[in-house]
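The values are calculated or read from the model by the stated rules, or taken from the named source; none is laboratory data. Just so we're clear, the structure is a prediction, and the values are computed from it rather than from any experiment. In this analysis, Cβ positions are derived from the backbone assuming ideal geometry, glycine residues included, and neighbour counts consider all displayed protein chains.
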Amino acid sequence: DWSLSNFIDEKIKEIKNKIGDKKAIIALSGGVDSSVAAVLVHKAIGKNLKAVFVDHGLLRKNEPEEVKRIFKEMIGLDLITINAKEKFLSKLKGVSDPEKKRKIIGEEFIRVFEKFAKENDDIEYLIQGTIYSDVIESAASGSNTSVIKSHHNVGGLPKEMDLKIFEPLREIFKDEVRSTGEILGIPKNILYRHPFPGPGLAIRIIGEITEEKLKILKNVDSIFIETLKENSWYNKVWQSFAILTPVKTVGVAGDSRKYEYVVSLRSVDSVEGMTADWSRIPFDILNQASNRITNEVSEVGRVVYDITSKPPATIEWE
Ligand code: XMP
């Protein structure tokens, strides 16, 4: 793509001019946006970019290992992994309000970052993977303490954190971010991965988060995604995931009565996530997912499929 190659060349020049030989930091989440931002800035300033990957324990199954393998080993980023799972889970203990979950996760992120930045006081810039739709949504809702939802990756940093913010993808849309990533040589399984919210699985476990619930949801989600991939449906939809509800229902297993969780599968077609329609996944594929989930995840007794569009529903359940 000619115009995007131009965009990349111009950005790299801009980054070199602006950051030069000073040091920068980025929070790498493994998502499309921060990955492309990281590799773009890495191209411009190399080892002077420190990529910090905070493992908050709320990521999808095997995700931390995959992020390390790709960015550290394949791309050669200076990737620093901070294992903060215990800390996040203890702060989230007993919390069921979605906005409180977001606030806690956002604040903990900042705290982990501040600590790292203080220990590395030669860092001057903070790179953020903000893209155009984040900018619009934040503006539309007034501030980062949004009435709709607080997207913690936009503008939510404390002033005390004395870093200059640089957002290389601020002007471009998701599809352009992906194409930019392709030109930069980022693997397709990262670029064409469905969007994933900053607060992660925390907002897909309705109610209180526990280690056990996280484990259940990771397994259910990974079976659903695997089933979509096996049937060549993953790339036909914009975002797919599972939700763990706090509801338990009755079932049967042989002669005995079971009382297990209800999970919902959610898949939507969308362009930017602002509006969305539920995906018409063939019943046979949903059936395969449901069978595997109830066979392989013993804590789940019932699988439902969410057939609500946005609006009136949001894509996420919390
Ligand atoms: P909703 O649920 O608002 O989701 O229809 C629209 C898109 O945004 C993602 N999302 C978030 N991303 N922090 C994020 O970084 C959040 O708190 C958050 N909430 C929702 C959601 O996954 C969907 O792609």
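Assorted remarks:
- Among the residues of the range 203-219, those identified as more than 9 Å from the ligand (Cβ to nearest atom), assigned to a helix (DSSP H, G or I) and touching a residue at least 24 places away in the same chain (Cβ under 8 Å) are Glu211, Glu212, Lys213, Leu214, Ile216, Leu217, Lys218, Asn219.
For every residue, the table says whether it meets (1) among the small types (Gly, Ala, Ser); (2) at pLDDT below 95; (3) out of contact with any helix residue (DSSP H, G or I) (no Cβ under 8 Å at 6 or more places or on another chain); (4) on the phi < 0 side of the Ramachandran plot.
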position	(1), (2), (3), (4)
Ile8	no, no, no, yes
Lys16	no, no, no, yes
Lys22	no, no, no, yes
Gly30	yes, yes, no, no
Asp33	no, yes, no, yes
Leu40	no, no, no, yes
Leu58	no, no, no, yes
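- For Ser143, the conditions (1) modelled with pLDDT under 55; (2) in contact with a helix residue (DSSP H, G or I) (Cβ under 7 Å, 6 or more places away or on another chain); (3) more than 22 Å from Val271 (Cα to Cα) are fulfilled apart from (2).
- Scan the range 155-180 for residues that are among the hydrophobic types (A, V, I, L, M, F, W, C), out of contact with any strand residue (DSSP E or B) (no Cβ under 6 Å at 6 or more places or on another chain), at pLDDT 90 or above and closer than 24 Å to Arg111 by Cα and the total you get is 0.
- Within the range 194-213, being closer than 16 Å to Ser298 by Cβ and in contact with a strand residue (DSSP E or B) (Cβ under 9 Å, 6 or more places away or on another chain) holds for one residue alone: Lys213.
- Asp255 satisfies every condition listed in (1) of a type outside the set (Gly, Ala, Ser); (2) modelled with pLDDT of 95 or more; (3) over 22 Å from the mean Cα position of the chain (by Cα) except (2).
- Selection within the range 277-318 - in contact with a strand residue (DSSP E or B) (Cβ under 7 Å, 6 or more places away or on another chain), away from the ligand (no atom under 16 Å from the Cβ), under 16 Å from Tyr261 (Cβ atoms) and among the hydrophobic types (A, V, I, L, M, F, W, C): Ala289, Ile293, Val300, Val303, Val304
- Positions within the range 203-221 being hydrophobic (A, V, I, L, M, F, W, C) and within 14 Å of Glu63 (Cβ to Cβ), in sequence order: Leu214, Leu217
- Just so you know, in the range 255-276 the residues that are of a type outside the set (S, T, N, Q) and assigned to a loop (DSSP other than H, G, I, E, B) include one that is farthest from the ligand (Cβ to nearest atom), and it is Asp255.
- Test for Glu272: is it surrounded by 12 or more Cβ atoms within 10 Å (Cβ to Cβ) and at pLDDT 95 or above: no
- If you go through the range 14-34 and keep only what is of a type in the set (Val, Ile, Thr) and either within 16 Å of the ligand (Cβ to nearest atom) or assigned to a loop (DSSP other than H, G, I, E, B) (or both), you end up with Ile26, Val32.
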